[in-house]
Amino acid sequence: MVRGTMFTARTPRSLTAAIFVPVCLAFGGGGAWGQEAGDCGDGVELAVTVSDQSGSIPLPGATVIIEWGDAAAPPVRASTRADGSLLLCVPRAAERAAVRAELGDHSSGEASVLFEPGVAREVVLRIPLDVATTAPSTPGRPGRLIGSVRDALTDDPVHVVIVSLAGQPRSVDTGRQGRFVMSGVPAGTHVLETRRIGYAPLRHVVSVEEGRTTEVGIALVPAPLEMEPLVTTVVRSRRLEIKGFYERKRWGELLGLGTYITEDYIELWRPREVAHLVSMLAPGISVDRNGRMINRRSSCPMTNYLDGVRVERFLGWVKPHEVAGIEVYKGAASLPAEFGGPTGQCGVVVVWTK
């Protein structure tokens with residue numbers, strides 16, 4: 001079961017709500033079609049659910065084809081909603097139907113349904129779609145995915161969400177506004193996955209068209225964990241202890257002077273680059289084309305230190321797993337004495353290796 005919601009659009013839309021409109025069809029003499037549950041009167045309600053072969057991933061946008069064996073009404077072709085469902089009222093004269101579903105080049109088996117007066121029917125269709133390894137529908141230009149991730153309860157943007165496509169090693173993270181961009185996506189059907197501590201993981205099918213941009217809006221459901229009481233033991237780096245890192249961190253966090261990134265953060269977020277982690281956890285800091293850390297407030301390059309020694313460029317060649325701690329100070333007023341002076345007017349980034 002997907003714990004979360006998603007809606008897809010071709011052009012930007014507000015992410016505060018997702019409204020799904022039921023299918024509404026009508027045929028003369030055949031009764032009402034596409035009404036919600038409870039609106040069929042004394043007629044028969046038909047509920048169709050379309051999912052992947054495992055039954056765990058609903059398939060929105062799948063085409064459901066219904067053919068009435070006794071020719072009570074014209075055939076129906078309608079698309080499933082965001083939860084992979086379709087709800088219809090059966091024509092009063094219908095006694096049986098053949099139901100199947102299609103998604104792209106894939107289709108389900110055909111289900112035969114017999115109707116009885118006043119008895120609702122439910123049909124589950126599974127499409128054997130290996131969405132994790134689906135090849136591009138055409139060998140042309142790839143498409144692009146852009147989107148936003150928000151909290152389903154508060155509607156606030158959720159940052160540092162890992163967004164990936166099942167079966168592909170590449171992933172992207174959401175920024176401070178919950179936005180992400182994934183370029184070079186092969187055209188075809190994929191499973192979009194999101195992961196973030198404190199939220200239920202989400203898996204959802206998306207279709208990417210050749211040379212087109214698909215925008216998605218995701219609302220993640222908070223998932224508090226019920227756990228037994230824990231006793232934690234913190235092991236400090238002896239080197240950082242000697243260099244005064246923990247003392248500066250204690251007073252700096254108390255007075256709001258800087259941002260301090262420890263090895264625990266690095267293991268938790270597993271960044272691709274040190275600069276990525278700094279810009280993510282210290283808002284207002286970015287990296288320019290020359291590899292310099294830039295304080296966006298003052299638009300000037302920051303001073304960089306490696307193990308207490310000043311270096312000219314930011315340390316792009318230092319791997320995250322080699323780092324024991326990072327200190328970020330955004331202005332001269334917050335600088336400790338060890339890193340003060342005229343060269344630190346735009347701020348200082350200090351990287352300590354293990």
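The values are calculated or read from the model by the stated rules, or taken from the named source; none is laboratory data. Remember, it's a predicted structure, so these values are computed and weren't measured experimentally. In this analysis, Cβ positions are derived from the backbone assuming ideal geometry, glycine residues included, and neighbour counts consider all displayed protein chains. The area values use the complete protein model at the heavy-atom level, side chains included, leaving out ligands, DNA and RNA. Shrake-Rupley method; radii C 1.70, N 1.55, O 1.52, S 1.80 Å.
For every residue, the table says whether it meets (1) part of a strand (DSSP E or B); (2) open to solvent by 10 Å² or more (accessible area, probe 1.4 Å); (3) free of Cβ contacts under 8 Å to residues at least 12 places away in the same chain.
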site	(1), (2), (3)
Leu145	yes, no, no
Val172	yes, yes, yes
Gln177	no, yes, no
His190	yes, no, no
Glu193	yes, yes, no
Val206	yes, no, no
Residue count for region 86-108, restricted to those that are within 31 Å of the chain's Cα centre (by Cα) and surrounded by fewer than 18 Cβ atoms within 10 Å (Cβ to Cβ): 4
Scan of region 249-299 for residues that are without any contact (Cβ under 8 Å) to a residue 60 or more places away in the chain and of a type in the set (Phe, Trp, Tyr), ordered by number: Trp251, Tyr265
Test set (1) open to solvent by less than 20 Å² (accessible area, probe 1.4 Å); (2) modelled with pLDDT of 80 or more; (3) among the aromatic types (Phe, Trp, Tyr) - Tyr305 fails condition number: (1)
Unmet requirement for Leu240, which otherwise passes all of (1) open to solvent by less than 50 Å² (accessible area, probe 1.4 Å); (2) in a helix (DSSP H, G or I); (3) closer than 27 Å to Asp173 by Cα: (3)
Whichever residue in region 248-291 is open to solvent by 20 Å² or more (accessible area, probe 1.4 Å), among the β-branched types (Val, Ile, Thr) and in contact with an Asp or Glu (Cβ under 9 Å, 6 or more places away or on another chain) and, among such residues, is nearest to Asp173 (Cα to Cα): Val287
